[in-house]
Amino acid sequence: NEHLSNFAHLVSHDLQAPLRRVSSFVDVLVEGLSPESAQEHEYCIRVIQSNTAQMRALITGILELSTVDRSELEQKTVDLNDVVDDVFELFSGDFETTGSTRNRENLPVVHGDPALLFQVFQNLIQNALKYREPERPLHVDVRASADGNFWRIDVTDNGMGFDPAKKDTVFQMLGRLHGENISGTGAGLAICRRIAERHGGRIDVVAKPDRGATFQVFLPRQKTSPQAA
């Protein structure tokens, strides 16, 4: 795993330079084209720009995953109420513009890396907004319960959902279920899974097509109790 992580980091880093070069030369070509010529080649230009942007996003996802594996895990007391509230605040504009609502029940205090745990809930809530069902208002609900030696934090939405038989795919690196019509690389949930594992936990999901999904984040329980909202 360590060798694979180092390899991914090096390869991803080395891919950035030629990708930037391609992107910059396309920009130079676009600036040098006459309005008539630019219109004639608009489709090809758009395809190149779209694909370079997608490749850049893929490389960023691979780098983020390798960084999660390579970085030293901080061990601090983390109030998940504050984490989720901060994520909701980060996406408050998206909730307002899409008419979406959110709710947070009392969440526990855990021990772990604040930045990485923030990244988990940022990815999950961002995905809920991204894969919302256009025909109904999105609602995101976050709550916790004790599950043996773990806290189970449920992030539930009423969005698109997916076939439960394909749930393992969503946690694979670059695994995607909704095609190219929705932006993304498929790296986010793989990163969430790795962060949960590094904290001694795991992540699971329960979903149905057109009925939304509940992502379940399992983190080791501490002797502290859930904090009041």
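The values are calculated or read from the model by the stated rules, or taken from the named source; none is laboratory data. Note that the coordinates shown come from a computational prediction; the quantities given were computed from them, not determined experimentally. All accessible areas refer to the heavy atoms of the entire protein, side chains included, with ligands and DNA or RNA removed. Shrake-Rupley method; radii C 1.70, N 1.55, O 1.52, S 1.80 Å.
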Solvent-accessible area of ASP82 with every protein chain in place, 1.4 Å probe, in Å² to the nearest 10: 90
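Working with all protein chains in place, sort LEU80, LEU65 by solvent-accessible area computed with a 1.4 Å probe, largest first. Numbers along the way, then the final one.
Details: LEU80 0, LEU65 40 Å².
Result of the area sort, largest leading: LEU65, LEU80.
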Heavy atoms of ARG46 accessible to a 1.4 Å probe, total area in Å² rounded to 10: 120
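Would you rank SER50, SER92 by solvent-accessible area, highest first, keeping every protein chain in place and using a 1.4 Å probe? Mind showing how you got there, number by number?
Working: SER50 70, SER92 25 Å².
Result of the area sort, largest leading: SER50, SER92.
Protein chains only, probe 1.4 Å: how do ARG20, ARG136, ARG211 rank by accessible area, largest first?
Largest accessible area first, the list is ARG211, ARG20, ARG136.
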With all protein chains modelled, accessible area of TYR131 [1.4 Å, Å²]: 50
